[in-house]
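Since the structure comes first, as C-alpha cells, the remarks are kept for the end.
The values are calculated or read from the model by the stated rules, or taken from the named source; none is laboratory data. Everything numeric in this text was worked out from a predicted model, so none of it was measured. Virtual Cβ from ideal backbone geometry, glycine too; neighbours counted across all protein chains shown.
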C-alpha cells in the first residue's frame, strides 16, 4: 500500500533539510546564461525564451503522475471531499490563483481550496520567514479531513511549511501529493504522488519564479482543468458551468448554447431564462427535450455532470 504522508513508525525520522541547500537543482548556475548580464536586451530575452521552451517537455514527462492525482481528486470530490493546495512564496501565489479561477470558470465553489503561507498578506508582499514554519503548515491544515486530497507545492521539494501541512493532512487521513522541481527530494517518498519537474537551473540562479514557476503553473492548469472535465463541468470543449450574472455573460452563454445544441439564439436565450440563468440546466433541457425543472433534478442526481444527466434521461 503506498505511503500517503508523514513519517512512518517503521522508518527512521529524517532530519530536516538545512536552510541553505546548494544541491537543489534550481539553485545551480546555468551554464547557458553565465554571460547574461553582458548581453543586449534582445539576446537576454532570447536566452530566457530558450530556457522557457524546455518547460512543456518537462511537464509532458510527468503526465502519468498528474493523471494519478486527477483520479484521486475525482474520487475525493465525488465522495464529498475537497482538494487543498499548500504553498509558500511563488508556489503559494500560483496555488491561490488556480483555486480562485475555478469558481467563475467551472461553477465549483469551496471544493478546491488554496492555503498560502502567511495568508492573504503574503500574496502581494513576500513574507519570507513563514515558509520555514512547520507548525504553521500543520495549523493551516487543520480543516483538512479524511477523504480530502492535499497537494503540496514547493519548488525545492522541502519547504517546511508545505511538509508540515502534508504530514498533518496525512495524519487526518487525507491523500497527499507533492509538486516539486526537485526530482531527488527525499520528501517525495512521504506522499502518494510526487510530480517531480526536472526544470534544472534557472536563468538567474535560484529564481524559481521563472522556469519552476512556469512549470508549476502548467501542471496546475492541466490538473485542475482535467479535474473539472472529469467532474462533468464541461460539455465537449465548452464552458457550461457558468451562470448568466450580467448581460455580457448572458450573451456569451447564449453563444455557448447555440454551439452545443445547433439551435437558434432565441430558443437558447429563452431556455437560459427558463433555467434561471443556469447554463447546464438550459443545455440539458434543450438536448434532453425536458422542462427546466426536470433538467435541474437530473443534474442534481448526477452531481452536475451534463453528459451523465443526458444519458440518464435517454435511458429512462
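A few comments on the model shown:
- Subset of segment 73-119 [surrounded by fewer than 19 Cβ atoms within 10 Å (Cβ to Cβ) and within 20 Å of residue 167 (Cα to Cα)]: 113, 119
- Some residue of segment 55-75 being farther than 28 Å from residue 127 by Cβ and at pLDDT below 95: no
- Count of segment 33-42 residues, restricted to those that are assigned to a helix (DSSP H, G or I) and exposed (fewer than 12 other Cβ atoms within 10 Å of the Cβ), is 4.
- Residue in segment 171-180 that is out of contact with any strand residue (DSSP E or B) (no Cβ under 9 Å at 6 or more places or on another chain) and farther than 23 Å from residue 82 by Cβ present: no
- Subset tally (residues that are surrounded by fewer than 24 Cβ atoms within 10 Å (Cβ to Cβ), in contact with a helix residue (DSSP H, G or I) (Cβ under 8 Å, 6 or more places away or on another chain) and assigned to a helix (DSSP H, G or I)) for segment 183-219: 5
- Any pair with Cβ under 6 angstrom, 6 or more apart, that starts in segment 223-249 at a residue that is in the same structural domain as residue 286 (by TED's automatic domain parsing) and ends at one that is part of a strand (DSSP E or B) and surrounded by 17 or more Cβ atoms within 10 Å (Cβ to Cβ): 243/278
- Any hit, segment 232-252, residues being modelled with pLDDT under 95, under 16 Å from residue 103 (Cα atoms) and assigned to a helix (DSSP H, G or I): yes
- Residue in segment 102-110 that is within 25 Å of residue 173 (Cβ to Cβ) and either in contact (Cβ under 8 Å) with a residue 40 or more places away in the chain or not in a loop (DSSP other than H, G, I, E, B) (or both) present: yes
- Against the conditions (1) buried (at least 17 other Cβ atoms within 10 Å of the Cβ); (2) over 30 Å from residue 44 (Cα atoms); (3) free of Cβ contacts under 8 Å to residues at least 60 places away in the same chain, residue 180 satisfies every one except (2).
- All conditions in (1) touching a helix residue (DSSP H, G or I) at 6+ places or on another chain (Cβ under 6 Å); (2) within 27 Å of residue 131 (Cβ to Cβ) hold for residue 106, with the sole exception of (2).
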